[in-house]
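Contents: one structure, followed by commentary.
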Amino acid sequence: PAVTSPCKILKCNSEFWAATSGSHHLGTEEVPEFCTALRAYAHCTRRTARTCRGDLAYHSAVHGIDDLMVQHNCSKDGPTSQPRLRTLPPGDSQERSDSPEICHYEKSFHKHSAAPNYTHCGLFGDPHLRTFTDTFQTCKVQGAWPLIDNNYLNVQVTNTPVLPGSTATATSKLTIIFKSFQECVDQKVYQAEMDELPAAFADGSKNGGDKHGANSLKITEKVSGQHIEIQAKYIGTTIVVRQVGRYLTFAVRMPEEVVNAVEDRDSQGLYLCLRGCPLNQQIDFQTIRSAQATEGRARRKGPSLPAPPEAFTYETATAKCREKLPVEDLYFQSCVFDLLTTGDVNFMLAAYYAFEDVKMLHSNKDKLHLYERTRDLAPGNTAPSGTPPALWVALLCLSQCWLCLL
């Protein structure tokens, strides 16, 4: 059954933004009305506090309310009745195309220096993680985990079990918080869940708010209910979110300068895109895959993974994955792994689209494919990074042949 969150913070956000849209255009005589809406917003968050304790959007809203109370000199005591709904003024900022230079990363931060070095992180499938340093891991990470946490944005995913009794998990919820930035964008929250991939932020807007550079942050719907893209030009960042089958995939392209823009490096030990999954959450991909292949060929008796709805053998899984992923890299291997552990053919599509996103977002086209290094080589004789194991073995054999001829 689809997971539905009892946390109602998005409803609180929507009510507040609907009540105060365009309020920064108001004169000081209407500040009391804004404070009334703000108190109603605070009251709404308190009502849902118990069910929202682990929700990033909730904690962001609570801190945002405190800041707005101080900025507008609002008292925490007073009326909390909802003010009248406002309509957006003519020439709404969602239609603006002009932005100050500070709101375009490449123009402002690197006007007189080399082009920024972009990095990529992706999460898909069971789940499989490709970090900003091109490390590939298969993880358990059940529950809520932070993917990104820096000075500009936070990304949190929630992973839930795919099958009862199995350790296989997949992403069922995604929360992205874009923090307010100078005159460019207001704070914006994007949240997606299974069977709900909105083409707008939580407040209903599709860009960065009512600031002058609002269009430096905007959402584009590529395929309704299946594929959205968020462009955050003020930090040079592109985010792709997809729903494939019942679950979500995430991919991002971000400059190294933004990745490393953190105030306290020591507090970011669980930032998955930067540090990877904790050791106790990592799955030994190669060992499990070898066992699955052996079990599939030998049909030997013994304990195995819970039977998925549509059982794949190792041979049928590899054949199915080759339909979309002809190169036997780690995306191909993750596809085989997921079909064997879940029996859900949509996980093949998740691996396929994850690699399509890499082709679009990764800045180094020579590093698109990732391959496992051969484990049984002696220290100092590991295969070169990016070289397929089969090709490396062939090169070793060829070199031996040349030595014999000489």
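The values are calculated or read from the model by the stated rules, or taken from the named source; none is laboratory data. Small disclaimer: the values here were computed from a predicted structure and weren't measured. Cβ sites come from the backbone with ideal geometry, for glycine too, and all protein chains shown count toward neighbours. Protein only, heavy atoms only, side chains kept; ligands, DNA and RNA dropped before computing areas. Shrake-Rupley method; radii C 1.70, N 1.55, O 1.52, S 1.80 Å.
So which lysines can Lys140 reach, going by Cα to Cα under 17 Å and dropping same-chain residues fewer than 8 places off?
Output for Lys140: Lys173.
Can you order the peptides 240-250, 216-226 by their average number of other Cβ atoms within 10 Å per residue, highest first?
Taking the mean over residues of other Cβ atoms within 10 Å, the ranking is 240-250, 216-226.
In Å², and per residue, what accessible area does segment 100-186 have when probed at 1.4 Å with the other protein chains present?
So segment 100-186 comes to 35 Å² accessible per residue, rounded to a whole number.
Placing +1 at every Lys and Arg Cβ and -1 at every Asp and Glu Cβ, with all other atoms neutral, what dipole size does segment 101-275 have around its Cα centre, in debye to the nearest 20? List each step's numbers first, then the result.
Values: 17 positive and 19 negative charges, 64 e Å.
The dipole of segment 101-275 has a size of about 300 debye.
Taking the simple approach of a point 7 Å from Cα along Cα-to-Cβ for both Asp66 and Arg275, what is their distance in nm?
2.3
Work out the charge dipole of segment 101-275 with +1 on the Cβ of Lys and Arg and -1 on the Cβ of Asp and Glu about the Cα centre, then indicate which of Pro198, Asn150, Ala261 is farthest towards its positive end.
Checked the options; the winner is Pro198.
What does the extension gain come out to for Ser363 and Asn346, with contour length at 0.36 nm per residue minus their alpha carbon separation?
3.4 nm
Given the Cα-Cα distance of Arg53 and Gln231 and 0.36 nm per residue of separation, how much length would full extension add, in nm?
Working: separation 178, 0.36 × 178 = 64.08 nm, distance 2.91 nm.
Gain on stretching Arg53 to Gln231: 61.2 nm.
What FRET efficiency comes out for Glu372 versus Arg246 if R0 is 22 angstrom and r is the Cβ-Cβ distance? Round to the nearest 0.05.
Calculated value: 0.15.
Can you give the FRET efficiency for Glu256 and Lys179, using 1/(1 + (r/R0)^6), R0 = 22 Å, r = Cβ-Cβ distance, to the nearest 0.05?
0.70
Given the Cα-Cα distance of His43 and Ala115 and 0.36 nm per residue of separation, how much length would full extension add, in nm?
21.2 nm
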